[in-house]
């Protein structure tokens, strides 16, 4: 049986019709595309090694590179290599802290402009390049043109951010059938797959956004009881905490885009290493300055404590809004990008166990 069928109001999809519809997770760090293949939801492979596309675009006079090809240029050409564009989409220059981006940003007409070697680009255009790649992957895997796409967005995206996401899809040649909140998408998958019943917390700490939702699942059906979160909180902020520490201690040039790009890459490497190690020894030279530092999980916990508190506060507020206490929660659905915030997840698990929430 089909898990999901979408048709126009008043019309039905004939059983013999092949309607190629995809689902897209346009993430801050990575993106992916999926579809129903032979009756089962399947993530479509980009190549033989991976189904994750790094959400990074590089602009040059010769070509536009997307994904891993662009990621390889983050340290070599940071001014023209754009990552985390999801944190900029649908916003104006006054909505953001420019120090958190290793880019040349400028104020546009209702949008943020990014200065590149081939001219100004905005987050809608950058996102469209990522979406074009996912569209191409889907068409190659499914063997034909697409009817449309269902695209996930953070629950705390406002109208401007949702419309900008739609605009990016249209620019990429995608027909948007529906935007669906990321926690709701997780609940649909969890409820239909696991056949679980009860009250669940959907905890989604991604690369650039954070959502927490309280859901009631019953025989594959669900009801969203409460949602809290922050569209400006995610793994990038955990990286930035390390960046700030290194900038302050080693007096690194915070206004130098090349220097900050290198520090940001180092910070992400440190965070990801601490996901599996108790400590990481760093010996690296950046802009002529020797960095010799030992990062422990305890140090990292101290650096990101205020960020963790923000997620815990949102979780408590969501529980209060749902009029539930900890003992009434039957489980947690965790969402995270690859390597994203794994240390913080470990710390959160410790907290949630103390409050009797099941993992």
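Per-structure values
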item: DSSP-defined antiparallel bridges as percent of all bridges, the chain, nearest 5; result: 75 percent
item: Contour minus Cα-Cα distance for residue 294 and residue 120 (0.36 nm per residue); result: 58.6 nm
item: Cα centroid separation - segment 53-95 against segment 301-336, whole Å; result: 32 Å
item: Candidates 267, 189, 164: whichever shows maximal mean-square fluctuation once the chain is modelled as a Gaussian network with Cα springs under 10 Å; result: 189
item: The chain: calculated mean residue ellipticity at 222 nm from DSSP helix runs of at least 4, using -39500 (n - 2.57); result: -11000 deg cm²/dmol
item: Pair residue 269, residue 327: separation of 7 Å Cα→Cβ label points (nm); result: 5.0 nm
item: 20 Å binning of all Cα-Cα separations within the chain, expressed as whole percents from 0 upward; result: 28, 58, 14, 0
item: Potential extension, residue 277-residue 97 segment - 0.36 nm per residue separation minus Cα distance; result: 61.7 nm
item: Selected from 162, 19, 87 as most flexible by GNM, with the chain as the system and alpha-carbon contacts under 10 Å; result: 19
item: Förster radius 25 Å - calculated FRET efficiency between residue 72 and residue 107, Cβ distance, rounded to 0.05; result: 0.25
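Taken together, the values in this text are just the output of simple stated rules run on the coordinates, not laboratory data. These figures come from a predicted structure and were not determined experimentally. All Cβ positions, glycine included, derive from the backbone under ideal geometry; neighbour counts span all protein chains shown.
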